[in-house]
1. Which one is nearest to the chain's Cα centre (by Cα) among residues in the range 105-145 that are surrounded by fewer than 18 Cβ atoms within 10 Å (Cβ to Cβ) and of a type in the set (A, V, I, L, M)?
2. For the range 280-309, which positions are closer than 26 Å to residue 363 by Cα, touching a strand residue (DSSP E or B) at 6+ places or on another chain (Cβ under 8 Å) and assigned to a loop (DSSP other than H, G, I, E, B)?
3. Checking residue 92 against (1) closer than 24 Å to residue 124 by Cβ; (2) in contact with a helix residue (DSSP H, G or I) (Cβ under 7 Å, 6 or more places away or on another chain), only one condition comes out false. Which one?
4. May I ask you to verify whether residue 246 is touching an Asp or Glu at 6+ places or on another chain (Cβ under 7 Å) and hydrophobic (A, V, I, L, M, F, W, C)?
5. Just to be sure before I move on: is residue 357 in a loop (DSSP other than H, G, I, E, B) and within 24 Å of the chain's Cα centre (by Cα) in the structure I sent?
6. One residue is enough: does the range 7-21 have a residue meeting the conditions at pLDDT 95 or above, surrounded by 12 or more Cβ atoms within 10 Å (Cβ to Cβ) and not assigned by TED's automatic domain parsing to the domain that holds residue 126?
7. Residues 397, 405: which one is modelled with pLDDT of 95 or more, assigned by TED's automatic domain parsing to the domain that holds residue 324 and not hydroxyl-bearing (Ser, Thr, Tyr)?
8. Let me confirm something: among 93, 61, which residue is at pLDDT 95 or above and surrounded by 16 or more Cβ atoms within 10 Å (Cβ to Cβ)?
Amino acid sequence: MKNLYCILALLLLSTQFSQARIREVGAGREFSRLQAAASGAQPGDTILIREGVYSGGDFVSNLQGMAEAWITIRAADGESVIFRGNSQAFHLSDPAYVRIKGLVFEGQTGNGVNIDDAATFETPAHHIIFENCEWRSMNATGNNDELKMSGVDTFTVRNCRFLNGSPGGSMIDMVGCHEGTFEDNYFENGGSNCIQAKGGTKNITIQRNFFKNGGARALNIGGSTGLQFFRDDNPTYEAAQIRVYANVFEGSMTPIAFVGAVNCEVVNNTIIRPERWAIRILQETTESGFLSCGNNTFRNNIVVFGNTGQPAINIGPNTAPETFTFSNNLWFNPDNTSWSGPNTPVSELSRILNQDPQFAGTNYLLKETSPAIGKGFTMSEPKTDFFKKPFSANRSIGAIEAETISGIANNDIQVEFLKISPNPAHDELSLFVRTNSDVIILDISGRKMWSGKVENIQLQIAKHTLCM
């Protein structure tokens, strides 16, 4: 009898999922707004938004799919969907198992997109995925964020672009979030931060992203949060177990800031010419019971640090810099050949000081003669570099393992920066190239798969658009 009940339950679930619907949003469609389409959405449904500019301001509560049947919110294939203006594009309160794909957000005066747990801290929002979305040109000047997440667990943000954040806010702000991943994203012109992790945020991986002019603190690992906003009854840290792997940073006031953070690691990144400091070690939350910022690791990174008028590392009061680990970093000051090196608070093992890392062009590949090759500390993570190539057993220092890219022809154009992911690709290809050029993609046998004009953008090329 028990087995019969199980079979009946499975049949009921199968029937429910087989009735998953396409709920279209747009002019002349079933729904004119996202909010209306979402209000009756069931597990397995797709909210398909057709081409157009939408005013935003939608509030959606309890949009919840299931592990076997996610709810998808996405742009129709090949169509431009823009949420423009209003205080926010949309606010999802207490969602679960929701995938958001291919949308553009611009000109919001508050937070671009807001995801939260409805202040029910014991039941977080969870299983949220953002893919191939773009945030750009916030119309705010205060502490406003392009993507605001509070009390969100088990999430992924991948292949997205974040441009021109609010001067006083973050491109991505997390308060009390857990078990998340940011991968293969592009950030440019951040305000205060590109990514901030605070309010008890824990177990977050930030990998293979590109940060250009990331603001005051491109990565704010920690911060300052009112105690009432922590997703923890007895908070002792702002951020813990934040892993920063194989990213590239260009500019920003400070690429890496540890602020009330513990047990975090910054490994195999490439950092190019910060405006003031390469690293900050700070403590902003000093209430009783909070741990001092400490027990963090900075290892296997290339840091090109010019004459900024500041030391490479800024250390604030109430911190525990003596508990940090520094090892196997390459520090290079192209403005001062006699530079004595960074002011690390502890001695650094296997440091490479003031040797040119020898980049091949401006995309930070390493020449065969680079002193960074094979000099990294052996780590189990990260397993892959910025281009998703496995690190060697004797890994290189920096975000990019030696001899990463082959078979990419660019003899006819000047490519300032190129990234293809995954390579090889099967169903979908992500192409990011900083150039203004006509691009042709060939398969391994030389057949033309796709061609088009690329102008400083990231493209997501789906299988059905390839010329087979």
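The values are calculated or read from the model by the stated rules, or taken from the named source; none is laboratory data. Remember, it's a predicted structure, so these values are computed and weren't measured experimentally. Positions of Cβ are backbone-derived with ideal geometry, glycine not excepted, and every protein chain shown enters the neighbour counts.
1. 129
2. Residues satisfying the conditions are 300, 301, 305.
3. That leaves (2) as the condition not met.
4. Yes, satisfied.
5. Values: in a loop (DSSP other than H, G, I, E, B): yes; within 24 Å of the chain's Cα centre (by Cα): no.
Criteria not met by residue 357.
6. Within the range 7-21, the first condition is being at pLDDT 95 or above, and the residues that meet it are 21.
This time we only want the ones that are surrounded by 12 or more Cβ atoms within 10 Å (Cβ to Cβ), so: 21.
After this cut, where a residue has to be not assigned by TED's automatic domain parsing to the domain that holds residue 126 as well, the list is 21.
The answer is yes; a qualifying residue exists.
7. Details: 405 fails: modelled with pLDDT of 95 or more.
So the residue among 397, 405 that is modelled with pLDDT of 95 or more, assigned by TED's automatic domain parsing to the domain that holds residue 324 and not hydroxyl-bearing (Ser, Thr, Tyr) is 397.
8. Working: 61 fails: surrounded by 16 or more Cβ atoms within 10 Å (Cβ to Cβ).
Sole residue among the options that is at pLDDT 95 or above and surrounded by 16 or more Cβ atoms within 10 Å (Cβ to Cβ): 93.
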